[in-house]
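K.L.:
I have a structure here, written as structure tokens, and I will follow up with some questions on it.
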Amino acid sequence: MQSRGRLSYLTSDRAKPITARRLGDGFDLTAISAVFEQKSRQLAQNGEQGISSLPSILELLQAAKTSKINTYHDSISRMVDVTHDKGAGFEHWAKVFNLKQSAKSLAELERYGFKSLEDLQIALTGARVKESEYREKLKGVESELRDKKELQKQVLEYTNTRSIRDEYLTLKSDRAREKFRKQHESEFIIMKSAQKYFKEHGITKIPSYKTLQSEVERLTSQQNELYAELKEKRCEVKRLQTIVDNISKTLHNNQEKIKSHDKNKSHE
């Protein structure tokens, strides 16, 4: 972590960060950048061999042998473009930020147990498939829940007009029935609409409102569970995609540095 231009480290045996100055000369930003650049250069040069020899965070930071740097797995972000037109302050911040995100991404590769960038991309594809599966499951539950709520609504409205319907059937004369229908026209419209709905959906036995309420509660609970699971799958996809982008960017940047270095050397 960095504050006011100073680097600090949080090791597993400490509750509070310790400053780079107290750890020694090998822990400042310049030293860390040099070590990380060297390891990344080796990784770029041996790209065909995969990432089986990835540097650990411990190596990258030259920390004590008994310490392990906390890489804050839940805070990985995509690396940014280092541009010179936004000023020296932004350029310095971007380099430090990218160094941290690249280190975290390399640490995540080790944590996941991936041996190559191809393994990571396969995992990303699998995570996207899982995300799609949960999205389809959620759509199915949401559709069923809408249908149950609509049925529940029709049952409630039909039940509420039962007294009007029963009273109408007790009337003997056509004149009395006609007068009664005019007086309760809105109720009859609601009743006819419910009857039409039941007929269109092949419902011959009207379920109880209480039974439907239990089904609605069950589906709502299932919907909430799927929402939470889908959110996790989306986060996993985003996380893996970020790691892929960061590793790819790290390799690309170091390949460009190697080309530039070789080009400058050839001109000497």
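K.L.:
What does the highest-first list of 198-208, 227-237 look like by mean Cβ count within 10 Å?
P.N.:
Ranked from most to least packed, the peptides come out as 227-237, 198-208.
K.L.:
According to a simple spin-label model (label point 7 Å from Cα along Cα-to-Cβ), what is the distance in nm between residue 206 and residue 170?
P.N.:
1.8 nm
K.L.:
Going by average Cβ neighbours within 10 Å, how do the peptides 172-179, 88-95 rank, with the highest at the top?
P.N.:
The most tightly packed comes first, giving 88-95, 172-179.
Only the coordinates and a few stated rules stand behind these numbers; no lab work does. Note that the structure is predicted; figures quoted are calculated from it, not measured. Neighbour counts are summed over all protein chains in view; Cβ atoms, including those assigned to glycine, are modelled from backbone coordinates with ideal geometry.
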